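For reference, the structure is listed below as structure tokens.
The values are calculated or read from the model by the stated rules, or taken from the named source; none is laboratory data. If you're wondering where the values come from, they're calculated on a predicted model, not measured in any experiment. No Cβ is skipped: glycine too gets one built from the backbone with ideal geometry, and neighbour counts run over all protein chains shown. Just the protein is used for accessible areas: all its heavy atoms, side chains included, with ligands, DNA and RNA removed. Shrake-Rupley method; radii C 1.70, N 1.55, O 1.52, S 1.80 Å.
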Amino acid sequence: MQGNKILRAALYPRVSTEEQVLHGFSLDTQERELIKYADENGYKIVGIYRDEGFSARKPVLKRKVMQELLADVEAGKIDIILFTKLDRWFRSVGEYHKVQAVLDKNRVVWRTILEDYQTETADGRLKVNIMLSVAENEADRTSERIKFVFNGKIQRGEYCYGGPATPFGYKVEMIDGIRKLVKDPETEEAAALFWDTFYSTGSIRKAGREVGLKCSAGRTHKSWMRTSRNEIYTGEFKGVKNFCPAYISRDKWEELQHPERRVKNTPGGRNYLFVGLLICPVCGGTLKANYKIYPNDRSIEYYSYRCNSKALGRCTYSRSISEKKFEKYMVKNIAYFLEDYAISVSVKPPEPKKRRKKIDADKLREQLRRLNNIYISGNMSDAEYNEQADALQNAISAADREAREDQQPINLDAMREILKSGFERQYYSFTREERQRFWRSIIDRVLFDDNQVKKIIFKA
């Protein structure tokens, strides 16, 4: 009661996944105690906001129940919020103050039924901040213990997650008292078809569309993107080999993570001349090959190259490069680029190389693998993942470029012999397979400046 007014109370019981593992805290127990306290003090219960499975260290925007509670606060439906202890409310000082600002604005107070806090005085607010700092430190130490427990289980082949964290195509099954990840008969066919199609086409979108048509698996493109990055489909998880049945070999999976390493085998006998050689001038990724069929003559195909990251919102380069025009340009100008390269490496005095710290691409790829596991486990938001994954992908591309630029120069005399008089006539007598093999034998990368060739990096 506040004067003659009956206060409208919101009950907030919370338990995190970590605490369920270590201590078995019960939401029902908290709820019973909160209801009893509200009845004894004459409060009217207007809502019970059960927050299950989320740590108090999680950002407010990732706690759906907290968002619902704050929405009702701002709608004027609540006068007081009850929870059992301060660490049920928050364990992060920063997040606490974000929510407290909303409560202060709407004149809503809170109370812990098992602890005594007075936020009306400076000393009381200081005590809250001190106790939150202690709880934050305890949460960090608890998290470390949880990771230790989980890692021990994973090393024994036990899958510690469940629900939405179970990868598509798998299910959790108890085998000899251990939670094992096994193929799910209901989704096994769809998962197998996705990986087969993804490997044969190199396209996540095409693979997802194929599964949708043949297996009626209604998954979003973003879901397939997460699937494509998850190493667990190789049967390996967090360094543990043979953790579960595999859908794809480790070698093939790594090729798909780094498409610049593989020569795409395209369906229908299509053979793209410059696949894997053209570099996007904006994001540094490899331009992907595409084809269209002329509407007036379906026997004629139009080949082009573009940056697929543009469609995913990760790049702004929207130009499409015609293979036919680019091929003609390269045949006419390859000798010029070779001589330009020869001048840069033989006529111009070599500049002393600056000592620079080598970028370890393997370490970056390991960081990306760990980031994928964190994201798949639900411990990171989409925005955080996309930002960090893009940064790592760019760093990996930079490391690969650095390694290629450190290669020894090509044999110029041999190249001049290849490009001697009559080269153009001889080139056009080649089959498409021979033309592709020729370009890949002499060129490592083609760099663009907008839509113009800026530099050609020749093979060592």
| message | Under the rule of at least 5 residues apart or a separate chain, name every residue whose amide H is placed under 5 Å from the amide H of CYS315. | response | LYS310
| What figure in square angstrom, to the nearest 10, would you give for the accessible area of ILE48 with a 1.4 Å probe? | 70 Å²
| field | Highest average packing first - 282-291, 322-331, Cβ atoms within 10 Å | value | 282-291, 322-331
| request: With 23 Å as the limit, write out which pairs from LYS288/LYS455; LYS288/LYS328; LYS180/LYS206 have Cα-Cα distances beyond it, or answer none. | output: LYS180/LYS206
| request: Just list whichever of LYS5/LYS77; LYS325/LYS454; LYS64/LYS222; LYS363/LYS454 have alpha carbons separated by over 19 Å in the model shown. | output: LYS64/LYS222; LYS363/LYS454
| query | What ³J(HN,Hα) values, in whole Hz, does the Karplus curve 6.51 cos²θ - 1.76 cosθ + 1.60 give for the range 426-431 when θ = phi - 60°, with x put for Gly and Pro? | reply | 5, 4, 6, 8, 6, 6
